[in-house]
Amino acid sequence: MYILLIGYLYVVVMFAAASGSIAKAIVWILLLGVLPSWLIVWLKRRGQIVRARKMAEAENHPPADDEPR
């Protein structure tokens, strides 16, 4: 996934460099580069945190079948 993100950011930077002015380039990099990249990384990291939390809870609580009846 990270190689795709790097490639996408490269294309955005090249697009911004060809835009003609520094102000336009900064806007393009922010709107097309930073915001979508931040969102993708945040969503991916959030999923990892949720999975880690569920695994930790599963390790701390044994299955209910082990309890005596």
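The values are calculated or read from the model by the stated rules, or taken from the named source; none is laboratory data. No experiment lies behind these values; they were computed from the predicted model shown. Neighbour counts run over all protein chains shown; Cβ positions are idealised from the backbone, glycine included. Accessible surface areas use protein heavy atoms only, side chains included; no ligands, DNA or RNA. Shrake-Rupley method; radii C 1.70, N 1.55, O 1.52, S 1.80 Å.
The set of residues in the range 31-55 that are of a type in the set (A, V, I, L, M) and open to solvent by 90 Å² or more (accessible area, probe 1.4 Å) comprises LEU31, LEU35, MET55.
Residue pairs whose Cβ atoms lie under 9 Å apart, sitting 6 or more positions apart in sequence or on different chains, and linking a residue in the range 18-47 that is at positive phi to a partner that is in a helix (DSSP H, G or I) and open to solvent by less than 70 Å² (accessible area, probe 1.4 Å), do not occur here.
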